[in-house]
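The values are calculated or read from the model by the stated rules, or taken from the named source; none is laboratory data. Fair warning: this is a prediction, and the values are worked out from it, not measured in the lab. Ideal geometry is used to build each Cβ from the backbone, glycine not excepted, and the neighbour counts take in all protein chains shown.
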Amino acid sequence: MDKVKRIFHCHRPSEIQPISQMPSEIPLLKDSWEGNLPCVHDPVDGCNNHNPRHHPVQFDPSLFSPDSTKHKPTTNVLDTVRTPDEYTIPTLSSALPQSPDLYCLTTIPRIHKSLPYTFSFYHLHWLLTHRRNGTLAHAHLQTLHCVAKTGQNPTLSWVTSPLVTDDGNLLLEYAMAFLVQADLGAWTPGSRGRAVAKHALIGSGYRDFKPCLHTTLAFTSHRGEGRDGVRTAGVAFTKGEDDGREVKGDWDSARDAGKDVEPLCCSKCYTETVLSFKLRGDQTLVSIQVYKNLGRGLHPGDPKWLALTKGIMVGRPKEDFLRMRREYEAMCET
Ligand SMILES: [Zn+2]
Ligand SMILES: [Zn+2]
């Protein structure tokens, strides 16, 4: 092989995994089995919506693929103020076969290491089968709606909300938020004449958001400044676009307050990421909303599902970008 050919053959290792023969029909079992809630990763796990007091709960470790068990569960920070004394932990069941060759246990990769939400094909199939049978109730959507605070550095607050579209696709929103604060020492809005500026690196945990298998998001540094009685702040970040480009971004409260940040939309799968920043007192709230279209849940070979779980590309036109966000906005208005 000559030198030029060698260079072209030298691809960087891809995360895209091939799918071996996937059968076109998935036979249903006679007896159904009980699945794990997406937030449950051990026998007393669960989010603040589903299992806030960490009661013993249905947990079947065999339902995780070898990929997802590499991630240890992250303990949810209990919300002791809003935790109710009594609640019912929901359940869900499936009659899909569990054989690895049939791909019914495939899961969407985590979008951040401290966000323990394991959404599997059987969850999708369970919910949308209810829709097709006309038995879909609000309680079913609530079963996939998780609320938690997890991890340290960053401590991420996160909420996942499912939405069924009119044409029977399931959308999922992951809303995440964390706070950063630059210590300006003795500076206060009343410190006349004194200007203080602080730059800080953001902990490594902020650098590895993976909205999908084709895009990345990294928060790199933040800053605060006090001058003329006004505090301002900024956050630097890098977006990894679906074509491999890295695009640097910078938000500055003095320049950009109230303006939209350019979103990160993937043309290889149905994922879009919307960023926003807000200065609140001496802290900056960083919000990340990731929207995904999981498809119609009829078969684990659905191109939308494969694009999210295995990276196998679907061509998505630019005109479709932010459609999922608009669906959520429309739901909030009604
Ligand atoms: Zn939950
Ligand atoms: Zn993608």
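Some notes on this structure:
- Residue within region 242-262 that is within 15 Å of ligand 2 (Cβ to nearest atom) and not in a loop (DSSP other than H, G, I, E, B) present: no
- The residue of region 241-277 that is surrounded by the fewest Cβ atoms within 10 Å (Cβ to Cβ), among those that are touching a Leu at 6+ places or on another chain (Cβ under 8 Å) and among the hydroxyl-bearing types (Ser, Thr, Tyr), is Ser253.
- Between Val230, Val247, the distinction of being more than 16 Å from ligand 1 (Cβ to nearest atom) and modelled with pLDDT of 95 or more belongs to Val247 only.
- The residues of region 274-299 that are more than 10 Å from ligand 2 (Cβ to nearest atom) and under 13 Å from the mean Cα position of the chain (by Cα), listed by number, are Val274, Leu275, Ser287, Ile288, Gln289, Val290, Tyr291, Asn293, Leu294.
- Applying a threshold of 7 Å to beta carbon distances and a minimum spacing of six or more residues, or different chains, the list of pairs starting in region 21-37 at a residue that is at pLDDT below 95 and ending at one that is of a type in the set (Phe, Trp, Tyr) and part of a loop (DSSP other than H, G, I, E, B) reads Met22/Tyr103.
- Remark: Lys268 matches the filter, which requires a residue to be assigned to a loop (DSSP other than H, G, I, E, B), more than 22 Å from Leu201 (Cβ to Cβ) and in contact with a helix residue (DSSP H, G or I) (Cβ under 8 Å, 6 or more places away or on another chain).
- Failed item in (1) more than 30 Å from Ile202 (Cα to Cα); (2) within 18 Å of the chain's Cα centre (by Cα); (3) not β-branched (Val, Ile, Thr), with Leu115 passing the rest: (1)
- All positions within region 95-135 that are in a loop (DSSP other than H, G, I, E, B) and either in contact with an Asp or Glu (Cβ under 6 Å, 6 or more places away or on another chain) or closer than 17 Å to Leu172 by Cα (or both): Thr106, Ile108, Pro109, Arg110, Ile111, His112, Leu115, Pro116, Tyr117, Thr118, Phe119
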